[in-house]
Amino acid sequence: MNTKLLLRTAILFSIVCGTLSAEAGRIRLRKVPIAPKVCANMDEDKLLSRNGKRIFGTLRSSVIIEQDISLVDDLGKKICSWPTNKWQTYGDPTKFNFYIDEQRNALYPYMKSDSNYQVMKISLDDCSMGELQTTDKLELPKCEGKKKILRSRSKRKVASHRVNS
């Protein structure tokens, strides 16, 4: 009887631990040890976001909006951090969406207001916030990847045998 009770509690304990660890964070599976640099919109992480804390991310970087607004890498190291009151001058920080250009090392927070878009550029080298620009269309920089060098294959010459007749 004690063994059945012990077995049931062990199974219940493992189910609870498994559920909690699944909700604790997102596991990123990738085939390479370092995530590739991308230029993309940062999607909101529905698993980790909650009231009072919004998280946007790519495989390599995440923006965390809480008491401060922070940009962290995939290992959890803080790259940049700004106080929320600094963002309040530009608008409500929870209304911003984020586009990141990891090749140029820049973050582009943007938000739609009425029929216009407000876009700002943040340099991640020195964490400096640029001016907020208002445009009719959302124009974000395009990602310029490495240019592939096409190498021509050397053609083998086939020796032809001529038969003199």
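The values are calculated or read from the model by the stated rules, or taken from the named source; none is laboratory data. On a predicted model such as this, the values are computed, not experimentally measured, just so you know. Here Cβ is always computed from backbone atoms with ideal geometry, including for glycine, and neighbour counts include all displayed protein chains.
Touching a Lys or Arg at 6+ places or on another chain (Cβ under 9 Å) and either closer than 19 Å to CYS127 by Cα or at pLDDT below 90 (or both): does that describe ASN85? It would help to see each step written out before you state the result.
Values: touching a Lys or Arg at 6+ places or on another chain (Cβ under 9 Å): no; either closer than 19 Å to CYS127 by Cα or at pLDDT below 90 (or both): yes.
It is false that ASN85 is touching a Lys or Arg at 6+ places or on another chain (Cβ under 9 Å) and either closer than 19 Å to CYS127 by Cα or at pLDDT below 90 (or both).
So, LYS37, is that one charged (D, E, K, R), part of a loop (DSSP other than H, G, I, E, B) and either exposed (fewer than 10 other Cβ atoms within 10 Å of the Cβ) or modelled with pLDDT of 70 or more (or both) or not? When the stated conditions are applied, LYS37 passes them. Touching a helix residue (DSSP H, G or I) at 6+ places or on another chain (Cβ under 7 Å), in a strand (DSSP E or B), modelled with pLDDT of 90 or more and surrounded by 15 or more Cβ atoms within 10 Å (Cβ to Cβ): is that true of ILE69 in this structure? Yes; evaluated as a whole, the condition is true for this residue.
So which residues in segment 80-96 are surrounded by 15 or more Cβ atoms within 10 Å (Cβ to Cβ) and part of a strand (DSSP E or B), if there are any at all?
As a first pass, look at segment 80-96 and keep what is surrounded by 15 or more Cβ atoms within 10 Å (Cβ to Cβ): 80, 82, 87, 90-91, 93, 96.
Answer for segment 80-96, where residues must be surrounded by 15 or more Cβ atoms within 10 Å (Cβ to Cβ) and part of a strand (DSSP E or B): CYS80, TRP82.
Just one of the numbered conditions (1) farther than 26 Å from ALA35 by Cβ; (2) out of contact with any helix residue (DSSP H, G or I) (no Cβ under 6 Å at 6 or more places or on another chain) is not true of LEU138: (1). Of the residues making up segment 98-130, those that are in a strand (DSSP E or B) and buried (at least 17 other Cβ atoms within 10 Å of the Cβ) number 15.
Return yes or no: is LEU75 modelled with pLDDT under 90, surrounded by fewer than 16 Cβ atoms within 10 Å (Cβ to Cβ) and part of a loop (DSSP other than H, G, I, E, B)?
Details: modelled with pLDDT under 90: yes; surrounded by fewer than 16 Cβ atoms within 10 Å (Cβ to Cβ): yes; part of a loop (DSSP other than H, G, I, E, B): yes.
Taking the combined requirement at face value, the residue satisfies it.
Only one entry of LEU29, LEU20, LEU47, LEU12 meets the criterion of being at pLDDT 70 or above and surrounded by fewer than 16 Cβ atoms within 10 Å (Cβ to Cβ), and that entry is LEU47.
Take segment 87-118 and flag every residue that is closer than 18 Å to GLY57 by Cα, among the hydrophobic types (A, V, I, L, M, F, W, C) and over 16 Å from the mean Cα position of the chain (by Cα).
Here is the first cut: in segment 87-118, the ones closer than 18 Å to GLY57 by Cα are 93-111.
Now restrict to residues that are among the hydrophobic types (A, V, I, L, M, F, W, C): 96, 98, 100, 106-107, 111.
Across segment 87-118, the qualifying residue is only MET111.
Could you check, for segment 48-63, whether at least one of its residues is in a strand (DSSP E or B), among the aliphatic types (A, V, I, L, M), closer than 24 Å to CYS143 by Cβ and within 15 Å of the chain's Cα centre (by Cα)? Full working, then the answer.
The initial filter retains those residues of segment 48-63 that are in a strand (DSSP E or B), namely 50, 53-57, 61-63.
Among the residues that remain, those that are also among the aliphatic types (A, V, I, L, M) are: 55, 63.
From what's left, closer than 24 Å to CYS143 by Cβ: 55, 63.
Next cut, within 15 Å of the chain's Cα centre (by Cα) only: 55, 63.
The answer is yes; a qualifying residue exists.
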